[in-house]
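Structure, as structure tokens:
The values are calculated or read from the model by the stated rules, or taken from the named source; none is laboratory data. Note that this is a predicted model, so its numbers are computed, not measured. Glycine gets a Cβ as well: all are built from the backbone with ideal geometry, and neighbour counts include every protein chain shown. What goes into the accessible areas is simple: the full protein's heavy atoms, side chains included, and nothing from ligands, DNA or RNA. Shrake-Rupley method; radii C 1.70, N 1.55, O 1.52, S 1.80 Å.
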2 protein chains.
Amino acid sequence: PSRLPGYATHQVGVAGAVFDENTKKVLVVQDRNKLKNMWKFPGGLSEPGEDIGDTEVREVFEETGIKSEFMSLLSIRQQHTSPGAFGKSDMYIICRLKPCSFTINFCQHECLRCEWMDLSDLVKSDNTTPITSRVARLLLYGYREGFDKIDLTMEELPAVYTGLSYKLYHKELPDNYRTVTGMD
Amino acid sequence: PSRLPGYATHQVGVAGAVFDENTKKVLVVQDRNKLKNMWKFPGGLSEPGEDIGDTEVREVFEETGIKSEFMSLLSIRQQHTSPGAFGKSDMYIICRLKPCSFTINFCQHECLRCEWMDLSDLVKSDNTTPITSRVARLLLYGYREGFDKIDLTMEELPAVYTGLSYKLYHKELPDNYRTVTGMD
């Protein structure tokens, strides 16, 4: 095994599923430049040093004008681009967000359309990407049976040596598993 | 919002929790160089173009001599290093693996110790990192109440335009949510 220092091999992108539990509507956009007329979640690339959740909130606002709050991580995609891309890969993370504002003011450069769509319509739509469709179904499952069924929640922890902290995302542990000591 | 092309900002590392359901033992190592005497899961950095699951299987084998099979993704950590690191960040992914061999032959350069430990002992141990401890509890929860409670399973899907494919990880949908059409 190589003991050379690592280097950056991935760009990190995010998509934010902003779901309003009161109206059962979810925020979707259509790209102006690619995937035309396919409904998808707003999102974009992380800036250096930026946390996933902050990227989501920023990108959703820049693209749609909607303010939102990070709730959980739902899904991850890993994709490797063609050999010509010098081995750069893509990690794409889909999160669940809660809206804090509702008036759409979308970016005309990036989006052709932007709307609050009934979650059940997005689930039924053929006019969407495979990822969007699966995440819509996950949201419906979570809405009906509890978001704890689908959420990877975030915890901030101190790094052992550096004095910095990191953010850890995983399925939330039930109370009786958080403090296990004498279990067998 | 910037429309410049993205670039690689993250290195991707993996750790593999190799759990044997028959013996309730999990494969753990102690690093030779850092985190001395702290039990953790074997792992390392992804090579360019390498899928998460393949990195896990390779790193576990290189470090411990154990052959294993990728089962699911359990947890993700995002960490940003100090400003001196030129904004490079770290995405660290912890997966669940199933052992295909059992005789340990560990790498003396990397590891001080390597053993099959009772999962319940790892859960109780103070001599471990916060991530290892949380993942041990997740494994115990999954073992007792069903791994579907903790697993993000993998699906390979075709990319819309490029003709390539990608791997998508999320909580598995129950059967009745996979084919929803007329739900409301």
Checklist entry - Do we find that residue B:13 is within 11 Å of chain A (Cβ to nearest Cβ), in a loop (DSSP other than H, G, I, E, B) and either crowded, with 19+ Cβ neighbours inside 10 Å or not hydroxyl-bearing (Ser, Thr, Tyr) (or both) in this structure? => result no
Item to check | In region B:136-152, residue farthest from the other protein chains (Cβ to nearest Cβ) [restricted to those that are outside any helix (DSSP H, G or I) and of a type in the set (A, V, I, L, M, F, W, C)] | outcome: B:152
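Here is a yes/no grid of residues against (1) surrounded by 15 or more Cβ atoms within 10 Å (Cβ to Cβ); (2) farther than 30 Å from residue B:13 by Cβ; (3) of a type outside the set (S, T, N, Q); (4) modelled with pLDDT under 95:
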site	(1), (2), (3), (4)
A:53	yes, no, yes, yes
A:84	no, no, yes, yes
A:88	yes, no, yes, yes
A:95	yes, no, yes, no
A:107	yes, yes, yes, yes
Checklist entry - Going by the structure shown, is residue B:114 of a type outside the set (Ser, Thr, Tyr), open to solvent by 10 Å² or more (accessible area, probe 1.4 Å), free of Cβ contacts under 8 Å to residues at least 40 places away in the same chain and more than 11 Å from chain A (Cβ to nearest Cβ)? => result no
Item to check | residue A:155 being open to solvent by 20 Å² or more (accessible area, probe 1.4 Å), in a strand (DSSP E or B) and out of contact with any strand residue (DSSP E or B) (no Cβ under 6 Å at 6 or more places or on another chain) | outcome: no
Checklist entry - Considering region B:32-42 alone, what residues qualify as being more than 11 Å from chain A (Cβ to nearest Cβ) and open to solvent by less than 20 Å² (accessible area, probe 1.4 Å)? => result B:41
Checklist entry - Within region A:55-70, can you find the residues that are in a helix (DSSP H, G or I), out of contact with any Phe, Trp or Tyr (no Cβ under 8 Å at 6 or more places or on another chain) and open to solvent by 10 Å² or more (accessible area, probe 1.4 Å)? => result A:58, A:59, A:61, A:62
Checklist outcome for this item: Restricting attention to region A:117-129, the residues that are more than 10 Å from every other protein chain (Cβ to nearest Cβ) and open to solvent by less than 50 Å² (accessible area, probe 1.4 Å) number exactly 4
Next on the checklist: Against the condition modelled with pLDDT under 95, out of contact with any helix residue (DSSP H, G or I) (no Cβ under 8 Å at 6 or more places or on another chain) and aliphatic (A, V, I, L, M), how does residue A:112 come out, does it pass?
Outcome noted: yes
Checklist outcome for this item: Scanning region A:130-152 residue by residue, those open to solvent by less than 20 Å² (accessible area, probe 1.4 Å) and in contact (Cβ under 8 Å) with a residue 40 or more places away in the chain turn out to be A:131, A:132, A:135, A:136, A:138, A:139, A:142, A:150, A:151, A:152
Checklist outcome for this item: residue A:101 meets each of (1) under 19 Å from residue B:172 (Cα atoms); (2) part of a loop (DSSP other than H, G, I, E, B) with one exception, condition (1)
Checklist outcome for this item: Filtering region A:162-178 down to residues that are in contact with a Ser or Thr (Cβ under 6 Å, 6 or more places away or on another chain), open to solvent by 30 Å² or more (accessible area, probe 1.4 Å) and under 13 Å from residue B:77 (Cα atoms) yields none
Checklist entry - When region B:170-184 is examined, which residues are found to be at the interface with chain A (Cβ under 7 Å from one of its Cβ atoms) and modelled with pLDDT of 90 or more? => result B:170, B:171, B:173, B:174, B:177
